[in-house]
Amino acid sequence: MYWNSFSDFIAMGTHGPYVWGSFGVMALLMILEPWLIARGRKGLIARLKRQFRAERAERNPMDSRRSRN
Amino acid sequence: MSNRLINWFKYASPQSFYPLAGKLIPWFWALAAVFGIAGLYIGFLVAPIDAQQGEGYRIIFLHVPTSWMSMFIYLVMAFWAGLGLAFNTRLSGMMAQALAPTGALMAFLSLWTGALWGKPMWGTWWVWDARLTSELILLFLYIGFIALQAAIDDPRRADKAGAILALVGVVNIPIIYFSVKWWNTLHQGASVSLTKAPSMAQTMLWGMLLCALACWMYSIAVALMRARSIMLERERHTEWVRALLDPQPAGKE
Amino acid sequence: MLTLVRAVIGRDLRLAMRRQADIVSALFFFIIVVSLFPLGIGPEPDLLRKLAPGVLWVAALLATMLSLPRLFADDHRDGTLEQLALAPQPLGLVVLGKVLAHWLVSGLPLALLAPVLGLQFDLDSEALWVLTGALLIGTPALSGIGAIGAALTLGVRGGGVLLSLLVLPLYIPVLIFGAGAVDATVTGMGPQAHLSLLGALALGGLFFAPWATAAALRIALE
Amino acid sequence: MLTLVRAVIGRDLRLAMRRQADIVSALFFFIIVVSLFPLGIGPEPDLLRKLAPGVLWVAALLATMLSLPRLFADDHRDGTLEQLALAPQPLGLVVLGKVLAHWLVSGLPLALLAPVLGLQFDLDSEALWVLTGALLIGTPALSGIGAIGAALTLGVRGGGVLLSLLVLPLYIPVLIFGAGAVDATVTGMGPQAHLSLLGALALGGLFFAPWATAAALRIALE
Amino acid sequence: MLEASNLECVRGDRRLFAGVGFRLDGGEMLYLQGRNGTGKTSLLRMLCGLTPPAAGEIRWRGEPIGRLGDEFRAELCYLGHLNAIKEELTPLENLLASARLAEETLDEDAALDALERVGLAGRADLACRYLSQGQKRRVALARLVHEKRALWVLDEPYVALDTAAVDLIADLIGAHLERGGLAVLTTHQTVAVRAGAVRELRLG
Amino acid sequence: MLEASNLECVRGDRRLFAGVGFRLDGGEMLYLQGRNGTGKTSLLRMLCGLTPPAAGEIRWRGEPIGRLGDEFRAELCYLGHLNAIKEELTPLENLLASARLAEETLDEDAALDALERVGLAGRADLACRYLSQGQKRRVALARLVHEKRALWVLDEPYVALDTAAVDLIADLIGAHLERGGLAVLTTHQTVAVRAGAVRELRLG
Ligand code: HEM
Ligand SMILES: Nc1ncnc2c1ncn2[C@@H]1O[C@H](COP(=O)(O)OP(=O)(O)OP(=O)(O)O)[C@@H](O)[C@H]1O
Ligand SMILES: Nc1ncnc2c1ncn2[C@@H]1O[C@H](COP(=O)(O)OP(=O)(O)OP(=O)(O)O)[C@@H](O)[C@H]1O
Ligand SMILES: [Mg+2]
Ligand SMILES: [Mg+2]
């Protein structure tokens, strides 16, 4: 281990803000991106399920009546 | 050989790629975490101070991997795009579309970490040197690709138009990579800081490689996640999506 | 009256949202033009710092100008403009609404983005503030004056470039005071005088331009 | 084959002549942008001489780019493009004709006008020659690359600004070598290296761009 | 109500027509006929006040329309060759936006109902860019379903429509006339409109 | 000569038609019918090779049109909704330019004659921008007067035309069929064409 104390580690010599600025933004974006994708995917699946269910409900009572515009 | 071809085409269909990707994603996440933690451990806790650049040099463990990835992802994206244009496979367009935002993110991070490094090293956030500028252009190319695809609503048309743009933009990659050689610039060329202090080079190199691997795994995982969503969206009228999301009462999952 | 203006703004914003690419692309045009100059001129920071206000303002001018041709052209082509001219409300108000909507999707984002680009040119924080302020005050004038030009060149073939020919000279005062405000800050004199002249231009533009524009539109429809 | 290219050039030139405003306006846009800079930056001759190559090239880029959206849009809107796509000749040749015509009415006049404007920036005669030469060599590449962008954004709403987003990054090498050639002359190094790179870009652009453009057009028509 | 006297139209060097006059009262329709290029569109635009006539006068309720200005326009509904719809917006949004710009009240239900009437029920949420030629025209014509203004000026409304849609529009015009409205119409197709009085005017 | 089998057209989420097929020989005309938005225009564009079909095949003289490429296009004359004329050019220039781009020989006399046939004698030198809607359509249709290619694909050619012009165009199509040509046509107006065999195909 190279560091003497935790505050040394945070200070990074005099370059703390720069190092942690880049590290923070990188970590943030790398967490944000998959989170956004997962959220979008959940919404998409819910929407598609709703749509499929609606179509099935429309089709089932009278299968032959199904028509297309 | 024909066997391998058949396999290849089998996984080139969204229907079989979708579950495969689903199974692979957790593995890539795990690898990304392992490599990332190891790389950061070495980079931030083990590696000693750089004599010339002070502690600030630790940004290298973030900057170099993102820079590499930003270029590499573009190449992969262009490869998929070209494949789609040539063979008209459905999967390739989706992969290209899934990769673009991650590539843009990497390009942005490369710029961001580079800027934060430049302030203590060069005394300025930004200089207009060839490498920095061409990296900026790369970000623009990504954004242009994304904007073009977003502006065309028919996905098949969007894929083809995007593919042409991606292929035309490939010429930028060698420019970025060799810019340091071709023009005499402020940005350091490969391996400058590595040869200065050979004793330290080993740990630094390892840290950097591990971080790069982590970025790589991360990119694959994220791209696969996005590709799965795109597949569902685009193939929502096919039977397999319907069977997946709306299993008939009689059948099973 | 206000409901009309609001209805126009609402419709135009909705259209703009429907093609978000537009807003984003205008911004990127701004960014790219600003970034082109250092490429053409070379990387010396001292030189660049001197150029910054001028380059940023010229780029803002050009970005605004690029979006002008479509201010009325779409409405003209599909016949909406005829309908607006035949509506029982004063056409000037409709134009005011369109000008405000144009500013919201072009001028405002430019002003908000400018400080980031200013950083690339190594401007200090006070200059950045003044730059943003000047753009916020000045861009409504650009939209207003631009609307007159857009209306005058409507339906004229080759309008896009003719438009810039008409409008750019009228933009010059805005450019001079706008860039002057930032320059004055950098050199230590206060920017107040420049900013208030800029404000006068913007108010004038927003009050008079709609009526001139409405008249030009009626001529274009004849 | 040559007759086809010639027929396309002939038709496009005739159309351009019919709306001369276009050519003239592109030139005036060039002039105005170049003249705006001294206004935004201030009149020091030393500073201006340093800026000259960059400013002139950026202005040429922007002027070329402004005329791009209409390269195919008019033909698309009135159905001519469908007819061209259905003609029994390779679409790439038609595109080549259109690119050459575009260069004749945009790039060529710009190159011929540039020395006059360069004089305003106090460039010496050798630099002026190199400037003109670089523009003559470089502008065909601009037209060729621009055609790809124009075809890709065809029929896409908000295409005009999206176009600049796509095309400007690809223009940057031309800008760097073009401005570099003049710079190298001013600083005493020879411009040969830059000029030959520029020539390679132009040849590449004229050979490959038409086919990429033709593919993009077919996609746009689907 | 609508009176025109001695109208003359000059385009370039060509005098398209001169001495045209008519009078139209509530419940009546003017059917404007003539070969291509005889000036029907030009006449309609004059009646709306978009182009000033070279000579002659147009009066609405006894007043020249130029003097009435906004008052006249508040009673006028014009539908030209062009559809005046935005390709990016959906039919529903188009209808609502055009009502809002005319400061009319049209709620979403009424708009949906209008779209259903013109046979666009399934397309209310599809951007107009994707619609077929006839469907675009239908979106433009959907405005007429709830239109209560007195004077309708329609330039070739039936273009690109299929026969069912043509009948529908003819019905709408008929109902408008029965309510006491006025209509001026050009078309090259012969379509029967259920109307009290049809005046014909032939140009050229 | 022209054969289509099992064509399917998908637009967005909507399947417009499927399983459409027909066969057309020299001297025959296909009259495509259907309500607005049933996919007539889409089908015509497929026949020209502008849009690839979602399924099915189109053959010309026994070969798939995709494989024939330029050979097929050399025998095809397509006229769409849009007129494909330049508003700045005069009708004469428009005709000559479009012939030259198709690498056909059309001298000025022949072009003037064609314009006279479609009733634009006095307008040959007026920029198309000034023409009326019907006159613009006539300029576009003037191409047909001297057109010798085998397959004509016409999308609503009669739109905006007056009755005299409609008859004229019907005559031109009739003469083309008598020469052994093929024609595919959509229209919502009922117009009699003097033709050997008219096949009808109804979509939707
Ligand atoms: C916004 C600013 C910057 C950008 C866009 C940028 C871009 C890049 C790119 C694209 C690479 C990868 C190319 C390669 O591996 O050869 C890279 C690598 C590198 N950059 Fe930067 N950079 C920036 C700022 C900086 C700064 C300020 C420093 C240090 C003072 C720096 C030091 C390095 C180093 C040491 C490498 C690794 C070179 C190697 O060993 O291969 N960069 N940068
Ligand atoms: N500058 C000009 N010089 C000569 N003639 C002109 C000029 N501008 C327009 N015209 C003529 O004026 C007429 C305009 O006709 P208008 O559009 O009113 O016809 P229309 O009756 O609506 O025809 P259509 O049935 O085809 O729609 C055309 O015959 C056109 O040729
Ligand atoms: N993205 C989409 N999603 C859903 N439907 C679409 C989409 N794009 C096009 N359509 C539909 O496809 C059809 C296109 O029809 P097309 O233009 O071929 O009709 P047409 O038979 O020529 O009609 P018309 O008689 O009106 O000219 C329209 O019904 C339109 O609503
Ligand atoms: Mg008319
Ligand atoms: Mg159709």
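Read the figures in this text as sums done on the coordinates, not as results from a lab. Model, not experiment: these values are computed from the prediction. Cβ atoms come from the backbone with ideal geometry, glycine included; neighbour counts cover every protein chain shown.
Between D:Phe208 and E:Ala18, what FRET efficiency follows from the Cβ-Cβ distance if R0 is 56 Å, with the result rounded to 0.05?
Details: r = 60 Å, r/R0 = 1.08.
The calculated FRET efficiency here is 0.40.
Residues in the stretch C:72-106 near a label at D:Arg77, defined as backbone nitrogen under 12 Å from the 7 Å Cα→Cβ point?
Output list for this probe position: C:72-79.
Please list 3J(HN,Hα) in residue order for the stretch B:170-179, calculated via the Karplus relation 6.51 cos²θ - 1.76 cosθ + 1.60 where θ = phi - 60°; whole Hz, with x for glycine and proline.
Values per residue, Gly and Pro as x: 4, 4, 6, 4, x, 4, 4, 5, 8, 4 Hz.
How far apart, in nm, are two points set 7 Å out from the Cα along the Cα-to-Cβ line at A:Val25 and at D:Val24?
Each label point is offset 7 Å from its Cα along the Cβ direction, giving 4.9 nm.
Label E:Ala121 and C:Val156 with points 7 Å out from Cα along Cα→Cβ: what is the distance between them in nm?
Simple spin-label model gives 5.1 nm for this pair.
Give me the distance between the Cα centres of the stretch E:147-204 and the stretch C:57-102, rounded to whole Å.
32
Which whole-Hz couplings ³J(HN,Hα) result when phi for each residue of the stretch D:93-110 is put into the Karplus expression 6.51 cos²θ - 1.76 cosθ + 1.60, θ = phi - 60°, listed in order with x for Gly and Pro?
Result, rounded to whole Hz: 5, 4, 4, 4, x, 5, 5, 5, 4, 4, 5, 4, 9, 10, x, 4, x, 4.
Sort shortest first the distances from F:Asp113 to its counterpart in every other copy, using label points 7 Å along the Cα-to-beta-carbon line, and give them in nm.
Output for F:Asp113: 6.1 nm, nearest copy listed first.
Less than 16 Å from a label point 7 Å out along the Cα-to-Cβ axis of B:Asn88: which backbone N atoms in the stretch D:202-222 qualify, by residue?
From the stretch D:202-222, the list is D:215-216, D:218-222.
Grab the other residues whose beta carbon is less than 12 angstrom from that of F:Arg73, score K and R as +1, D and E as -1, and report the net. Please report the intermediate quantities before stating the final value.
Details: positive: F:Arg149; negative: D:Glu82, F:Asp70, F:Glu71, F:Glu75, F:Glu103.
Every neighbour counted, the sum reads -4.
For F:His146, D:His76, what's the fewest-to-most ordering of other Cβ within 10 Å of each Cβ? Walk me through the numbers before you get to the answer.
Details: F:His146 16, D:His76 19.
Ascending number of Cβ neighbours within 10 Å: F:His146, D:His76.
Using only C-alpha positions, report the orientation-averaged shadow area of the convex hull of the stretch F:82-148, nm², one decimal.
Numbers: hull surface 15.9 nm².
Spelled out: convex hull of the Cα atoms, projected over all directions, averaged, 4.0 nm².
Could you give the distance between the Cα centres of the stretch C:187-207 and the stretch B:75-97, to the whole Å?
Rounded to whole Å, the Cα centres lie 53 Å apart.
Taking amide H positions as placed in the peptide plane 1.01 Å from N, state which residues far from F:Gln33 in sequence (5 or more) or on other chains have amide H under 5 Å from it.
Close amide H contacts, sequence-distant or interchain: F:Leu201, F:Arg202, F:Leu203.
Given that compact globular proteins tend to follow 2.2 N^0.38 Å, what is the ratio of the alpha-carbon Rg of chain E to that value? Walk me through the numbers before you get to the answer.
Details: Rg = 17.0 Å, N = 204, 2.2 N^0.38 = 16.6 Å.
Compactness ratio reported: 1.02.
Can you give the local net charge around D:Pro191? Use residues other than it whose beta-carbon is closer than 13 angstrom to its beta-carbon, Lys and Arg +1, Asp and Glu -1.
On the way: positive: none; negative: D:Glu126, D:Asp183.
Neighbour charge sum, excluding D:Pro191 itself: -2.
If I model chain C as equal point scatterers sitting on the Cα atoms and use the Debye formula, what is log10 I(q)/I(0) at q = 0.10 Å⁻¹?
Taken in order of the listed q values, log10 I(q)/I(0) reads -0.45.
Go ahead and estimate [θ] at 222 nm for chain D from helices alone: -39,500 (n - 2.57) per DSSP H run with n ≥ 4, summed, over the residue count, rounded to 500.
Numbers: 10 runs with 187 residues, N = 222.
The helix contribution divided over chain D gives -28500 deg cm²/dmol.
Tell me the angle of helix C:192-221 to the major Cα principal axis of chain C, expressed in degrees between 0 and 90 and rounded to the nearest ten.
30
Using a Förster radius of 60 Å, what is the FRET efficiency between E:Glu3 and F:Glu71 based on their Cβ-Cβ separation? Nearest 0.05, please. Before the final figure, lay out the partial values.
On the way: r = 63 Å, r/R0 = 1.05.
The calculated FRET efficiency here is 0.45.
Is there a simple number for the mean count of other chain Cβ atoms within 10 Å of the Cβ of residues in D:104-115, and what is it? All intermediate terms of the calculation are to be shown ahead of the outcome.
Details: counts 0, 0, 1, 0, 0, 0, 0, 0, 0, 0, 0, 0.
Averaged over the peptide's residues, the number is 0.
Where does helix F:133-142 land angle-wise versus the long Cα axis of chain F, in degrees 0 to 90, nearest 10?
Between the helix axis and the principal axis of chain F, the angle is about 80 degrees.
Using alpha carbons only, how many degrees (0 to 90, rounded to 10) separate the axis of helix F:108-117 from the longest principal axis of chain F?
Orientation of helix F:108-117: about 80 degrees from the principal axis.
Okay, which of the stretch D:75-105 sit inside 20 Å, backbone N to the point 7 Å along the Cα-Cβ direction of D:Arg6?
Taking a point 7 Å out along Cα→Cβ of D:Arg6, the residues of the stretch D:75-105 whose backbone N falls under 20 Å are D:88-105.
Please go through the residue pairs D:Lys98/E:Lys136; A:Lys49/F:Lys40; E:Lys86/F:Lys86 and name each one whose alpha carbons sit more than 27 Å apart in this structure. Intermediate values should be presented prior to the final figure.
Working: D:Lys98/E:Lys136 33 Å; A:Lys49/F:Lys40 33 Å; E:Lys86/F:Lys86 23 Å.
Where the Cα-Cα span goes over 27 Å, the pairs concerned are D:Lys98/E:Lys136; A:Lys49/F:Lys40.
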